[in-house]
């Protein structure tokens, strides 16, 4: 893992879904893909119902300056 990825993850993960919107079970991160303008596409899977959820995380102003 790159150093910049480990620094960015804690701030971004605060805005990502942590529970399934359908059954309230925890979500597991399957993949994080970089997007336009510093945003990230998080693919998550529910640990109970198996549902797949996509969350788009926009960078915080502090992470853009780094």
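Any number yet on Rg/Rh for region 20-60, C-alpha, Kirkwood? Provide the component values of the computation, followed by the final result.
Working: Rg = 11.2 Å, Rh = 10.7 Å.
Rounded to two decimals, Rg/Rh equals 1.05.
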Here, residue 25 and residue 60, labelled 7 Å along Cα→Cβ, have an inter-label distance in nm of 3.1 nm
Ranked from fewest to most other Cβ atoms within 10 Å of their own Cβ, 31, 48, 36 fall in the order 36, 31, 48
Residue 18 and residue 45 label points (each 7 Å along its Cα→Cβ direction) are spaced in nm at 2.2 nm
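Taken together, the values in this text are just the output of simple stated rules run on the coordinates, not laboratory data. It should be emphasised that the depicted structure is a prediction, and the values quoted were computed from it without experimental measurement. Counting neighbours? That spans all protein chains shown, and the Cβs are built from the backbone with ideal geometry, glycine included.
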